[in-house]
Amino acid sequence: MEFETAIIGAGAAGMMCAAHLEGRTLVVDHAKAAGEKIRISGGGRCNFTNLYTDAEAFISANPHFAKSALARYTQWDFIALVDAHKIAWHEKTLGQLFCDNSAKDIIAMLQSLMSTRGTDLRLNSTVRDVQKDGDHFTFTLQTPDKTHQVRAKNLVIATGGKSIPKMGATGWAYDIARQFGLPVTDIRPALVPFTFAEGRFAEISGVAVPSRVRADGPAFEEALLFTHRGLSGPAILQASSYWTEGATITVDIAPPDMYEALRTQRQDTGRRNFTTELSRHLPARLVDHLSGVFDLGGNLADWSDARLGALIDNLRQWELLPNGTEGYRTAEVTVGGVDTDALNARTMAAKNHPNLYFIGEAVDVTGWLGGYNFQWAWSSGMAAAQTM
Ligand code: FDA
């Protein structure tokens, strides 16, 4: 079989690329359906982009790499595409856009664009023995009923990262990159809950508080959730993308006005237990837990300004040492990937093999939580499509 372009991976980036390609295009995926991560994303409603998309919301060894693709196909372009297909959406919070109806609307849109272009989509199919033969790529394609030899001028690797192997995620993109001489950075699971030594927060599992959480990166102000196995919630997931094994995280759970409020309470209700008064600002179960970590003894009247201030400092800079993360099993994304030094930022083509492209999560560009990762898939997929 002869194609202009073969795309491996029918996820967000692969489908976006195929949907905008002229010429005979083959798309291969080993899963039984296309766009499975789109389908389950955003609780089934797909947080498909973020109004505030900008290169700062992405992690990469080269923070400038994503700029070109993000600027040439923006969140506004994708919103226009969604609007043109009459998919209703809403902003939930922090610029995050979700489908009103279902994530399946995004998959249907991409599939309809692909079928208009006559894309040959092969599901339940695998690729092996990828080789370069002169100007073309060749490989063996195993479809459910047959083995084919494929030749294509362009080869696009869109097989994503390693997150959620149960859904078909593999490290295949990294293997192909190495085979063709492109380096791959260290990778690790990201947007993932932290685990702590046995039972650390089990007694307060289910308690959620507004927080500000920081690992080795920016601080994220969102909810934090205590779980049986450790910590989760959006602030934690965001910080996890900047965390490396053995490092502590800093958690701030003190409401902004707590110091002044407690001083006022001291005048009115100073004879009550300090923990009772603290429970007006933090969930009672959390206060119980904190009394095992910090000295919260006595009545509020016993607490000097200095003692109150010291406690609040502690709650603002609570240093916690995770013993790990939940790993690729539940991580939403993979940090790291094909080294951007080896790719052309305008086209996503390998510098040493101009017809070999890497797009989407396979590349060392990882977005924050909130629709940024899909925007990268759309933008990088378009960058390649506009070049071929
Ligand atoms: P993606 O993973 O989408 O696609 C890769 C495809 O390649 C898959 O179809 C896979 O089966 C196939 N494949 C892999 N190896 C193969 C091989 N060897 N041979 C053939 N096929 C192979 N992001 C966001 O912006 N908003 C959100 O709401 C969410 N929500 C979310 C929820 C959950 C539970 C997860 C796990 C992830 C998210 N994400 C997200 C992240 C987002 O899903 C992710 O960044 C994009 O899907 C990446 O798009 P890609 O096309 O690069 O990979």
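Considering only residues in region 139-161 that are in contact (Cβ under 8 Å) with a residue 24 or more places away in the chain and over 20 Å from Y357 (Cβ atoms), the one that is surrounded by the most Cβ atoms within 10 Å (Cβ to Cβ) turns out to be H148. Filtering region 18-44 to residues that are aliphatic (A, V, I, L, M) and either part of a loop (DSSP other than H, G, I, E, B) or open to solvent by 10 Å² or more (accessible area, probe 1.4 Å) (or both) leaves L21, A31, A33, A34, I40. Within region 131-179, the residues that satisfy the criterion of being in a loop (DSSP other than H, G, I, E, B) and out of contact with any helix residue (DSSP H, G or I) (no Cβ under 9 Å at 6 or more places or on another chain) are G134, D135, T143, P144, D145, K146, T170, G171. Here I107 clears all of (1) more than 23 Å from the chain's Cα centre (by Cα); (2) among the β-branched types (V, I, T); (3) open to solvent by less than 20 Å² (accessible area, probe 1.4 Å) except the condition numbered (1).
Helices (runs of 4 or more DSSP H) fully within region 258-329 that include at least 2 residues being among the basic types (K, R) and open to solvent by 50 Å² or more (accessible area, probe 1.4 Å): 258-269, 305-316.
Among the residues of region 107-127, just one is in contact with a Lys or Arg (Cβ under 7 Å, 6 or more places away or on another chain) and closer than 15 Å to A13 by Cβ, namely I107.
Scan region 162-182 residue by residue and report those that are open to solvent by 10 Å² or more (accessible area, probe 1.4 Å) and either within 9 Å of the ligand (Cβ to nearest atom) or among the small types (G, A, S) (or both). Selection gives I164, M167, G168, A169, T170, G171, W172, D175, G181. Residues in region 93-108 that are within 14 Å of the ligand (Cβ to nearest atom) and modelled with pLDDT of 95 or more: 11 in all. In region 312-323 there is at least one residue matching the filter, namely being closer than 30 Å to L262 by Cα, away from the ligand (no atom under 15 Å from the Cβ) and among the β-branched types (V, I, T).
The values are calculated or read from the model by the stated rules, or taken from the named source; none is laboratory data. It should be emphasised that the depicted structure is a prediction, and the values quoted were computed from it without experimental measurement. Heads up, the Cβs are rebuilt from the backbone with ideal geometry, glycines too, and the neighbour counts pull from every protein chain shown. Surface accessibility is based on the protein's heavy atoms, side chains included, excluding ligands, DNA and RNA. Shrake-Rupley method; radii C 1.70, N 1.55, O 1.52, S 1.80 Å.
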